[in-house]
Structure formats: C-alpha cells, structure tokens
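One structure is given here, and the rest of the page talks about it.
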Amino acid sequence: MKHVLKLISLLVVISALWIGLLQASVIPQSHTWLLPIYFIVSLGCYGLLMVGVGLMRFPTCPQEALLLQKDIAEAKDFLKQKGVDVGSD
Amino acid sequence: MEQKNNYSIIVPTYNERLNIALIVYLIFKHLRDVDFEIIVVDDGSPDGTQEVVKQLQKLYGEDRILLRPRPKKLGLGTAYIHGLKHASGNFVVIMDADLSHHPKYLPSFIKKQSETGASIVTGTRYVRGGGVHGWNLMRKLTSRGANVLAQTLLWPGVSDLTGSFRLYKKSVLEDVISSCVSKGYVFQMEMIVRASKKGYHIEEVPITFVDRVFGSSKLGGSEIIEYLKGLSYLLVTT
C-alpha cells in the first residue's frame, strides 16, 4: 500500500473518532469542535520540539577533522614515496 | 563450503585527483584482511583524476582498482548502475570520494552486516557515536528540520535518510536501484525508503562526517524546494 494511503486512512480513522465524539456528546460540543485545532497545534509543537531537541543534541565531532588531517598527511607521505602524484589540486 | 565475501567499493568521482589517491590509500589501510575491489567511476574529470587512478593501479594492481570512466557528468544514480555492471563482489559499498566518508568505518559496516545478516547497512551521522563537523548552525537547523519532516511523513525506519555511505548486498542494490528515478540526495532518500518498504533488513552504524566544502552554505531556497518536492514524490510513490 502506498505510504500516502496509509496516512490518509489514519486521518480517516481519526476523523471518524472525532465525528463519533461529536455525535455521542460525551464531551461538550464546544470543546469537541475545537479538537482538530488542538491536534494540529500539538503536532506542530511536537515537531518544533523534536527539531529543537535534535539541534541541541546534534552530534558533532571536531576531533575528527584533526584526525583526518593526520590521515591525509600520512597518505600523502606514503603515496609520494611510491610515485603517485599527490601535488595540491 | 564457506563462501568468502568479496566487497566491491564504488566511488563516483569528478575532479577528485587528490582525494581519490588519499581514499584509496585509506581503504587499503583499513581493509587489510578483506577481499575487495575499488571501482572508480569518473565522469570525464578535466583535472587529471583518471591519470592519478592509473598511477594507483600500478601501485596496487589493476585487479584491485578498476577504472570505469564515463565521458561526462551523467548523474550519481547512473554512476552506481555503471559501477554495478563491473562489480564482481557479492557486496557493494557506495561512498563519496571527497573524504567526508572515512574508510575507517568500513570494518564496522562489514561487522554489522555479518552479525545481523542485514541486506543493507547504512551509515548514520545523527546518532551517538556519529556526528558532523563543518556545519554552521543554519545548516544543522535545516538538516534537523528536514529530518523531522521526513520522519513524520515517511516513517522510513532509518535515522539518516540522505546519507550515501552504505553497504548493500549486491542483489539488493540491483533490485532497489532499478526502481529509483530521483536525482541527487533525493535519490539517496528514495533508495533507502524503497528498500525499507520492500521489507529489506536494514541496519545502521554511526559514522562521522567531516564536510569538506568550507562553510557548506550550499543549502539555499531552491534546495529546500527540491527537497520538499522529493518528499512529496516519495510520499505518493512508495
């Protein structure tokens, strides 16, 4: 099943639940009408939270740049000895 | 009868005359007890990349380094397909030539695959043990935002969708690549999403990524549009 269809069926289920809630009047109607707005806003907030948390915890590796420079120097030495052209590009 | 594994490492190049030599040295350094071949798919580099590859062939052997060039820049996806045609291993590694993908991680890819029997092992920059160097705050923000959006919409099952440092079983790569049509980094996303939807066993290993493009401010408005278009395309077709 195409992924977009999965998402659409999920939306349909949620909408059916919402309509069911409207009919059943378990919660006061005024609140029920606003549920989709709450849902979308919560989704947005969750997204922003995930972006923010991810940004704060973004893994960095400054030491890798140094290690890479070492590797490059080692490689250049070896290759120059063996006759491979490693002049700067 | 135990079949020994043979790894074909496909490296597409364009104007990488220095980096290709460095990366070949590092691959040989880190894969000492492994059967492998390096397939260089060069798209007609004007800087003499192919001459350097020929020197490397003299040093390491023409059976270990295959030069399979193309006349001009023809795109990444077709570069992999071209490399695949000449691959004799039962596993295929794809990696970038500019040293943002460090060959020192190759043993961990191989180990992960043999431990889990996975069809695909993909490197991820976004988990503990992995990481990125050389990205400013804006770049990290767009990367994170793009990732959250993709995770929410596509449920891909991997943490790093646009990464291109991967190990595939050769038959799996052949199967997945035949159904992918996108270009650029959306192509990498399409590959892993399609593989995931097809039910292939995918594992991840942390990798560090040292961006070699200074400042890496190459993410502009048009890139964002392309990304969104790519996401929508994947949403509807996978």
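So that you can scan it fast, the table gives a plain yes or no per residue for (1) on the phi > 0 side of the Ramachandran plot; (2) among the polar types (S, T, N, Q); (3) surrounded by 11 or more Cβ atoms within 10 Å (Cβ to Cβ); (4) at pLDDT 95 or above:
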site: A:PRO36; (1), (2), (3), (4): no, no, yes, no
site: A:ILE40; (1), (2), (3), (4): no, no, no, no
site: A:LEU55; (1), (2), (3), (4): no, no, yes, no
site: A:SER88; (1), (2), (3), (4): no, yes, no, no
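Condition first: without any contact (Cβ under 8 Å) to a residue 40 or more places away in the chain and under 19 Å from B:ARG212 (Cβ atoms). Can you find one or more residues in region B:162-169 that meet it?
Yes: region B:162-169 contains one or more residues that are without any contact (Cβ under 8 Å) to a residue 40 or more places away in the chain and under 19 Å from B:ARG212 (Cβ atoms).
Residue-by-condition table, conditions (1) over 30 Å from B:VAL210 (Cβ atoms); (2) more than 8 Å from chain B (Cβ to nearest Cβ); (3) of a type in the set (D, E, K, R):
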residue	(1), (2), (3)
A:SER25	yes, yes, no
A:PRO36	yes, yes, no
A:VAL53	no, yes, no
A:ARG57	no, yes, yes
A:CYS61	no, no, no
A:GLU64	no, no, yes
A:LEU67	no, yes, no
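With the structure loaded, tell me whether B:LEU173 is surrounded by 24 or more Cβ atoms within 10 Å (Cβ to Cβ), in contact with a Leu (Cβ under 7 Å, 6 or more places away or on another chain) and touching a residue at least 40 places away in the same chain (Cβ under 8 Å) or whether it fails that test.
So B:LEU173 fits the description; yes.
Of all residues in region B:126-159, how many are crowded, with 19+ Cβ neighbours inside 10 Å, in contact (Cβ under 8 Å) with a residue 24 or more places away in the chain, within 17 Å of B:GLU226 (Cα to Cα) and more than 7 Å from chain A (Cβ to nearest Cβ)?
Qualifying residue count for the region: 2.
What's the number of the condition B:ALA79 fails, among (1) away from every other protein chain (no Cβ under 14 Å); (2) in a helix (DSSP H, G or I); (3) at pLDDT 95 or above?
Just one mismatch for B:ALA79, condition (3).
Within region B:215-230, is there a residue that is buried (at least 19 other Cβ atoms within 10 Å of the Cβ) and either among the aliphatic types (A, V, I, L, M) or under 25 Å from A:ALA65 (Cβ atoms) (or both)?
Within region B:215-230, none of the residues are buried (at least 19 other Cβ atoms within 10 Å of the Cβ) and either among the aliphatic types (A, V, I, L, M) or under 25 Å from A:ALA65 (Cβ atoms) (or both).
From the residues in region B:59-76 that are within 16 Å of B:GLU37 (Cβ to Cβ) and part of a helix (DSSP H, G or I), which one is farthest from the other protein chains (Cβ to nearest Cβ)?
Going through the qualifying residues, I end up with B:TYR60.
Among A:VAL4, A:VAL84, which is the only one that is within 9 Å of chain B (Cβ to nearest Cβ), farther than 24 Å from B:GLY134 by Cβ and outside any helix (DSSP H, G or I)?
Sole residue among the options that is within 9 Å of chain B (Cβ to nearest Cβ), farther than 24 Å from B:GLY134 by Cβ and outside any helix (DSSP H, G or I): A:VAL84.
Assess whether A:VAL13 counts as being more than 23 Å from the chain's Cα centre (by Cα), free of Cβ contacts under 8 Å to residues at least 24 places away in the same chain and outside any loop (DSSP other than H, G, I, E, B).
Spelling it out, A:VAL13 is indeed more than 23 Å from the chain's Cα centre (by Cα), free of Cβ contacts under 8 Å to residues at least 24 places away in the same chain and outside any loop (DSSP other than H, G, I, E, B).
I'm trying to understand the selection: among the residues of region B:93-125, which are in contact with a Gly (Cβ under 8 Å, 6 or more places away or on another chain) and within 14 Å of chain A (Cβ to nearest Cβ)?
B:HIS101, B:TYR105, B:GLY123, B:THR124, B:ARG125
If the requirement is being more than 24 Å from B:GLN188 (Cβ to Cβ) and surrounded by fewer than 17 Cβ atoms within 10 Å (Cβ to Cβ), which of these qualifies: B:GLY48, B:GLY44?
Just one listed residue meets the conditions, B:GLY48.
Can you pull out every residue in region B:78-97 that is among the hydrophobic types (A, V, I, L, M, F, W, C) and touching a helix residue (DSSP H, G or I) at 6+ places or on another chain (Cβ under 9 Å)?
Matches in region B:78-97: B:ILE81, B:LEU84, B:ALA87, B:PHE91, B:VAL92, B:VAL93, B:ILE94, B:MET95, B:ALA97.
The values are calculated or read from the model by the stated rules, or taken from the named source; none is laboratory data. Small disclaimer: the values here were computed from a predicted structure and weren't measured. Counting neighbours? That spans all protein chains shown, and the Cβs are built from the backbone with ideal geometry, glycine included.
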